[in-house]
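Worksheet: one structure, shown below.
The values are calculated or read from the model by the stated rules, or taken from the named source; none is laboratory data. Owing to the predicted nature of the structure, the values given are computational and were not obtained by experimental measurement. Every residue, glycine as well, gets a Cβ built from its backbone with ideal geometry; the counts of neighbours run over all protein chains shown. The area values use the complete protein model at the heavy-atom level, side chains included, leaving out ligands, DNA and RNA. Shrake-Rupley method; radii C 1.70, N 1.55, O 1.52, S 1.80 Å.
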Amino acid sequence: MPKLIRFGLVFFSAVALLGCSGEQAAKAPKQVDRATIVAPDKHLLDQPDIRMPHLDRVDFAVGRSFFRNPWVQAPASTDARDGLGPLFNAISCASCHISSARGAAPMHGEPLMNHVVRLSVPANERGSQRFVPEPRYGDQFQNQGLPGVVAEGKAVIRFTEEVRTLKGGETVALRKPELAFMQLAYGSMHEDVRASVRMAPALTGLGLLQSVPAQQLMAWADPGDRDGDGISGRANSVWDQTLQQQVLGRFGWKAEQPTLKQQSAAAFHADMGISSSLFPGQNCMATQQDCLHMEDGGEPEISDKLLARVALYVGNLAVPEPRTGSTQNQAGRTLFAEAGCHKCHRPTLKTGDSEHAWLSNRTIYPYTDLLLHDMGEPLADNRPVAAASGREWRTPPLWGIGLAKKVAPQTGFLHDGRARNVMEAILWHGGEAQQSRETVEQMTPEQRLALLQFIDSL
């Protein structure tokens, strides 16, 4: 049944929480901008931003088409959508971003199909690169191939369970993942390969996050923990293919991409084998001769114009209005602040100038600082990316998280989808977030329920 859901930007009049106290973080924001949209559950997170002009929604719809619909092998009569492969993980963006949202949790013992596995090995030579692609399989494991091209193999996750007992006697089973490769088609991997499973992240409000001025985020960075609060957020410095210089990273699980255009182009190239002006050529290694000799869809296979429309679509997905207001939600908001969650999941950001005027100068509540934080050894993938270490992850935004299971009941949480719900995700927090996790563990069952209901309302 279609549902009434409020969208738009979740726009508030509130004071920025730079250095805010727990009491300030617990205050309920005033909602001043909203819209009501009728949408089935699976489309709750793929509506356009309410402020987008109607004429621009035509380009939004074109971008959505190229995001959702499958790409095909070249040559094909649909030459705007050919160029898939030769090696790839998915045939469309929507294959992993279910209903334009986040990905599914992996299944125990089943080959990964809607996830990717990033690969690298330590560089032997000195220089700016500490890690380089795995010599036979590149920087991403490709589990599918076009006819005539042998897929690289299969990646499987198996889980063991660790039971955590919380105050009040509640028990939670956490799934600890172990990755294995099978049927490797191009020989053994390097003995020091670093592999990291990645689930498709949420796409909510990305254009707004891109519009936040870098200096606002850098004001929160505290690499040396000068204030002694145990939180040492760091910015990732990444290469911008368009500007040809190092800039602030914002997108991806380790903030490894600077813009939505580059993030989209990188995904087209790595996930679907589709070239662009930012990432030209085929995604083949020197050992993969059949891949190298396969006919392509021209250079580039996705034009700058179409890439821009996909980036516009991804950058203008509306943020649902939070479903707050009950006494229990207000109690949960206070507990969120008392546990220190707001120190990384910062409620307030302010956008600056944007290429899309309707995203400019808006106060938003994404619950992130877009910075890197050491999350402890249990979540470490031991695979550095740019300036991010193997223990660091970018704070994921929380807005829209309460609709994740409505959009896709099988969705997962954390970078590899190991957590099946928000509480499991909280209990995996370590490193800089360990004190917050321990605070949650010591809450009463009623307090934890209130906390989860508040997070679910975002």
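Legend: residue pairs Lys167/Lys405; Lys154/Lys343; Lys167/Lys350; Lys350/Lys406; Lys305/Lys406; Lys42/Lys343, Cα-Cα distance threshold 30 Å; pairs beyond threshold, Lys154/Lys343; Lys167/Lys350; Lys305/Lys406; Lys42/Lys343.
Accessible area of segment 105-184 with a 1.4 Å probe: how many percent of it is carbon plus sulfur? The value for segment 105-184 is 48 percent carbon and sulfur by accessible area.
Computed extension gain for Asn382 through Asn421, at 0.36 nm per residue and net of the alpha carbon distance, reaches 11.6 nm.
First measure r as the distance between the Cβ atoms of Arg68 and Gln435, then evaluate 1/(1 + (r/R0)^6) with R0 = 45 Å and state the FRET efficiency to the nearest 0.05.
On the way: r = 42 Å, r/R0 = 0.93.
Once rounded, the FRET efficiency stands at 0.60.
Classify segment 213-317 as rounded, prolate or oblate from the Cα gyration tensor: take a ≥ b ≥ c as the square roots of its eigenvalues, call it rounded if a/c is under 1.5, otherwise prolate when a/b beats b/c and oblate if not. Display every interim value, and only then the final one.
Values: a/c = 3.21, a/b = 2.04, b/c = 1.58.
Prolate, because a/c is 1.5 or more and a/b exceeds b/c.
In the context of the full set of protein chains, residues of the chain present 42 Å² of accessible surface per residue (probe radius 1.4 Å, heavy atoms only).
Positive-end ranking of Ser277, Gln241, Trp220 along the dipole of segment 219-281, with charges on Cβ about the Cα centre, is headed by Ser277.
Quick check of the Kirkwood formula: for segment 279-399, what is the inverse mean of 1/r over all pairs of different Cα atoms, in Å?
On the way: mean 1/r = 0.0529 Å⁻¹.
After inverting the mean inverse Cα-Cα distance, the result is 18.9 Å.
When Rg and Dmax of the Cα atoms in Å is calculated for this entry, the matching label among (i) 21.6, 64; (ii) 23.9, 81; (iii) 22.5, 68 is (i). With a Förster radius of 25 Å applied to the beta-carbon distance between Thr287 and Ala76, the computed FRET efficiency rounds to 0.35. Test of understanding: extend the Cα→C-beta vector of Glu295 to 7 Å, then name every residue of segment 56-94 with backbone N under 12 Å from that spot. Under cut-off, by backbone N: 73-77, 83.
Could you work out the longest stretch of the chain that avoids the GluC sites (Glu not before Pro) located in DSSP loops with at most 16 other Cβ atoms within 10 Å?
Values: sites that count: Glu125, Glu170, Glu191, Glu295, Glu355.
So the longest stretch without any such site is 1-124.
Its Cα centre serving as origin, the chain has a Cβ charge dipole (Lys and Arg +1, Asp and Glu -1) of approximately 1220 debye. Segment Thr444..Arg57, full-extension length gain: 134.6 nm, with 0.36 nm per residue of separation and the alpha-carbon distance subtracted. For segment 47-144, the set of trypsin sites (Lys or Arg not before Pro) satisfying both a DSSP loop assignment and a count of at most 16 other C-beta atoms within 10 Å is given as Arg126, Arg130. Anisotropy class assigned to segment 42-122 is oblate, per the alpha carbon gyration tensor with a/c at or over the 1.5 cut-off and a/b no larger than b/c. Fully extending the segment from Asn361 to Thr242, taken as 0.36 nm per residue of separation minus the present Cα-Cα distance, adds 40.4 nm.
Dividing the summed -39500 (n - 2.57) terms of all DSSP H runs of n ≥ 4 by the residue count of the chain sets its mean residue ellipticity at 222 nm at -6000 deg cm²/dmol. What shape does segment 419-458 take by its C-alpha gyration tensor, where a ≥ b ≥ c are the square roots of the eigenvalues and a/c under 1.5 counts as rounded, a/b above b/c as prolate, and the rest as oblate? Since a/c reaches 1.5 but b/c is at least a/b, the shape of segment 419-458 is classed as oblate. Charge tally for Arg164 (other residues, Cβ to Cβ under 13 Å; Lys, Arg +1; Asp, Glu -1): -1. A DSSP coil position with no more than 10 other Cβ atoms inside 10 Å describes the following trypsin sites (Lys or Arg not before Pro) in segment 182-242: Arg226.
Any chance you could check the Cα centroid distance between segment 201-217 and segment 355-391 for me, in angstrom? Taking the Cα centre of segment 355-391 as reference, the centre of segment 201-217 is 10 Å away.
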